[in-house]
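Please treat every number below as a calculation from the coordinates, not as lab data. Model, not experiment: these values are computed from the prediction. Glycine also receives a Cβ, built like all others from the backbone with ideal geometry; neighbour counts cover every protein chain displayed.
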Amino acid sequence: MKTLTSTLGIALSFFLFSFKSVKNDFIKLPNVNLTTLEGKAVNIGDLKSAKPTIICFWSITDDASIQRINAIQENYGANKNEVRIIAISTDNNTFIVKPKVLFSGWEFEVYMDSNQDFKRAMGVGNFQNTIVIDANGNTVYNNTNVKSENETALFAVVDNSIASAHNTSLLAKAE
């Protein structure tokens, strides 16, 4: 019986540790140049933030990714002081993307990843990828599935990251 219990305990330990948690992974943004809608080159690795950051990949031809960005705008567009939103277009034509951004009323950073170097460097497989990085640089959400029920999980993670950033800043001020 002791052997069976020990074997099950060891097997359970290996099983539990075989899952890599996304919550505590540190993500360093790669040194990849993106382009603003005005054509200016920006190195995404230089974009640091002391607040939670939502990075959304999208394409002009992918309605689901555009709907996700619209939902993010609706929920967090007014909270620019609390969360940073970055939309990364994988399209290669600014003349199509810029009017879409302006027409949609997106009031956050939009960059072009025309050659998809950033997309590859981040391991993104499709347009519908959303990543949340907390104020400490940890990836706390990475989802490739754009469904309305996943938006609830996304918003919960962002809200928790905002609350955590507030608590951290309050602690720093107290010291």
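Can you divide the C-alpha Rg of region 46-160 by 2.2 N^0.38 Å and report the result to two decimal places?
Numbers: Rg = 13.1 Å, N = 115, 2.2 N^0.38 = 13.4 Å.
Scaled against compact globular proteins, the figure is 0.98.
Taking +1 at the Cβ of each Lys and Arg and -1 at the Cβ of each Asp and Glu, which of 94, 129, 158 sits farthest along the dipole of region 23-174 towards its positive end, judged by Cα position relative to the Cα centre?
158
Roughly what % of DSSP beta bridges within region 23-174 run antiparallel, to the nearest 5?
Bridges in region 23-174 are about 60 percent antiparallel.
What is the fewest-to-most order of 84, 120, 68 by other Cβ atoms lying within 10 Å of their Cβ?
Ascending Cβ contact count within 10 Å gives the list 120, 84, 68.
Kindly put 103, 155, 118, 57 in sequence by how many other C-beta atoms sit within 10 Å of each C-beta, fewest to most.
Sorted ascending by nearby Cβ count, the order is 103, 155, 118, 57.
About its Cα centre, what dipole magnitude does region 23-174 give when the only charges are +1 on Lys and Arg Cβ and -1 on Asp and Glu Cβ, stated in debye to the nearest 20? All intermediate terms of the calculation are to be shown ahead of the outcome.
Working: 14 positive and 16 negative charges, 68 e Å.
The calculation lands at about 320 debye.
For region 115-123, what does the Karplus curve 6.51 cos²θ - 1.76 cosθ + 1.60, with θ = phi - 60°, yield as ³J(HN,Hα) per residue in whole Hz, taken in order and with x for Gly and Pro?
9, 6, 5, 5, 4, 5, 5, 8, x
Going by the alpha-carbon gyration tensor, a ≥ b ≥ c the square roots of its eigenvalues, is region 91-142 rounded (a/c under 1.5) or, if a/c is not under 1.5, prolate (a/b greater than b/c) versus oblate?
oblate
Around residue 40, with a cut-off of 15 angstrom between Cβ atoms, what is the net charge of the other residues, counting Lys and Arg +1 and Asp and Glu -1?
-3
Looking at the square roots a ≥ b ≥ c of the eigenvalues of the Cα gyration tensor of region 38-90, which shape do they give, rounded for a/c under 1.5, prolate if a/b is larger than b/c, or oblate? Each step should come with its number before you reach the end.
On the way: a/c = 2.28, a/b = 1.10, b/c = 2.07.
Oblate shape, in that a/c is at least 1.5 and b/c is the bigger or equal ratio.
On full extension of the chain, what length is gained from residue 95 through residue 74, given 0.36 nm per residue of separation minus the C-alpha to C-alpha distance?
5.1 nm is the gain from fully extending residue 95 to residue 74.
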